[in-house]
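Below you'll find the structure, written out as structure tokens, and then a few comments.
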Amino acid sequence: MHRRECYHDIADSPYHEVIKLHLIKDISIPAIMPEYKLIYFDAKGRAELIRWIFAYGKIPYTDERININDWPAIKPTIYSNKVPVLMIDGTPYNESLAIARYFAKKVGLVPEDELLALRVDAGVDTIADKHLEGRPIIRAPISNEEKTKRFREELFPNVLKPFLVDINKQLEGKDWLVGDKVTWLDLHCASFFDNHKVKIPYLLDDFPNVDKHMKRVKELPGIKEWIAKRPFTFI
């Protein structure tokens with residue numbers, strides 16, 4: 001004869017420790033959101049892409065902005081002595097594109113297909129190269145009016161215009177630069193040209209595909225709200 005023992009309380013069972021372990025495994029413990037703080041100048045620059053990704057993914061963070069006049073005193077206290085720096089629960093991380101790529105993966109802006117992801121990375125690096133070509137003007141000890149003049153007379157015809165010709169062709173008949181979904185390359189491209197339009201209002205007049213693409217990205221939920229409330233900056 002087999003005897004079945006019934007227990008009305010887990011504690012009464014000789015197997016109560018095993019049962020407790022299984023119950024604990026089944027309990028879903030909510031993850032604690034890390035605390036993020038982005039440190040950069042009061043500018044768009046190399047931090048704006050990260051801000052757009054945060055906005056798109058609805059990731060809360062502290063947007064800490066440094067007054068450029070305070071930078072000499074603050075610089076020695078900053079990890080690697082350069083910005084942007086992202087603090088994650090008090091631990092610093094640097095390099096803007098590494099930070100952007102990390103969060104782009106988290107919010108679904110990196111393609112699952114590795115070859116598409118490779119094309120996205122290549123496009124991101126190309127834009128970074130164009131950004132570097134404008135850095136001498138940005139860092140020049142001249143007024144914003146003089147910088148604007150140089151952007152229009154030097155950077156636009158020699159760097160931005162040829163690049164825009166290529167991007168405009170890539171976007172022919174397409175909503176997004178790579179694949180059929182928005183990626184962080186689209187955010188990087190739109191943010192890059194949006195920033196330059198401050199200095200060159202006619203930047204996209206001859207490039208309708210790029211213009212439509214930029215407007216499409218700026219209308220994405222989260223990004224639209226961020227653009228509406230962000231502080232205006234020349235750079």
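Each reported figure results from applying straightforward, stated rules to the coordinates on display, with no laboratory input. Because the structure is a prediction, the values reported are computed rather than measured. Here the Cβ is made from the backbone with ideal geometry for all residues, glycine too, and neighbour counts use every protein chain on show.
The table below lists the values:
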| item | result |
| --- | --- |
| Likely footprinting exposure, Thr91, Thr183, fewest C-beta neighbours within 10 Å first | Thr91, Thr183 |
| From phi via Karplus (6.51, -1.76, 1.60), per-residue ³J(HN,Hα) for region 220-235 in Hz, x at Gly/Pro | 4, x, x, 5, 4, 5, 5, 4, 5, 10, 5, x, 6, 9, 5, 10 |
| Separation between Cα centres of region 124-157 and region 206-235, rounded to whole Å | 20 |
| Ranked Leu160, Leu86, criterion: other C-beta atoms within 10 Å, fewest first | Leu160, Leu86 |
| Charge dipole (debye, nearest 20) of the chain; +1 at Cβ of Lys and Arg, -1 at Cβ of Asp and Glu | 540 |
| Sparse-neighbour loop sites [GluC sites (Glu not before Pro); region 98-146; at most 11 other C-beta within 10 Å; DSSP] | Glu112 |
| Relative contact order of region 36-106, defined on C-alpha pairs under 8 angstrom at six or more residues apart (%) | 41 |
| Principal axis dimensions, the chain - Cα atoms, whole angstrom, descending | 97, 50, 30 |
| Anchor Lys147: aspartates and glutamates whose Cα lies under 15 Å away (excluding residues fewer than 8 positions away in-chain) | Glu133 |
| Radius ratio Rg over Rh of region 36-106, counting only Cα atoms, Kirkwood formula for Rh | 0.95 |
| Radius of gyration and maximum dimension Dmax of region 87-131, Cα, Å | 12.1, 35 |
| Sorted by Cβ neighbour density within 10 Å, fewest at the top, the residues His188, His196 | His196, His188 |
| In region 138-183, the trypsin sites (Lys or Arg not before Pro) that fall in loop regions by DSSP, at most 15 other Cβ within 10 Å | Lys174, Lys181 |
